[in-house]
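A quick write-up on the structure given underneath.
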Amino acid sequence: MDKKIESPIFDETQPHQIHAPSFKGTGIEMKPPFVNQHGVVIGDSKYNSPHSPLNEWSDETDPSVMTGDEWVHPTNDIGWNTPENRQLLEKKRGGNAPFMHPDKDVGYGAD
């Protein structure tokens, strides 16, 4: 299923998400959206594919129909917004950011 999917990635982040982390400098390559085996686009942040169980949800729908790796995007997932995962990204980024001192906040009170 070759379908052109609009990618939400810009400069190794997803600016449409207010708290989206930046993957820049982490060595983790952001992945574009993909279509899973059920014909549902994963990772476009729209969550509105025609074949998505979300569009056909009812009291009889078993939530387990949306489990497994085929339903999770490796870099455009809400889990990256957690403090623990953001800390993992910072460790991968390594070193201090420019103009930072390890134990002094040089920007404090500058604004």
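Derivation of every value follows stated rules applied to the coordinates shown; laboratory data play no part. Keep in mind that what you see is a predicted model, and the values were worked out from it rather than measured. Positions of Cβ are backbone-derived with ideal geometry, glycine not excepted, and every protein chain shown enters the neighbour counts.
Sorted on the mean count of surrounding Cβ atoms within 10 Å across their residues, most packed first, peptides 55-63, 85-93, 43-51 read 43-51, 85-93, 55-63. In sequence order, the stretch 30-35 has phi-based couplings of 5, 9, x, x, 9, 9 Hz under the Karplus curve 6.51 cos²θ - 1.76 cosθ + 1.60, θ = phi - 60°, and Gly or Pro positions carry x. The residue 37 and residue 90 beta-carbon pair, evaluated with R₀ = 25 Å, returns a calculated FRET efficiency of approximately 0.15.
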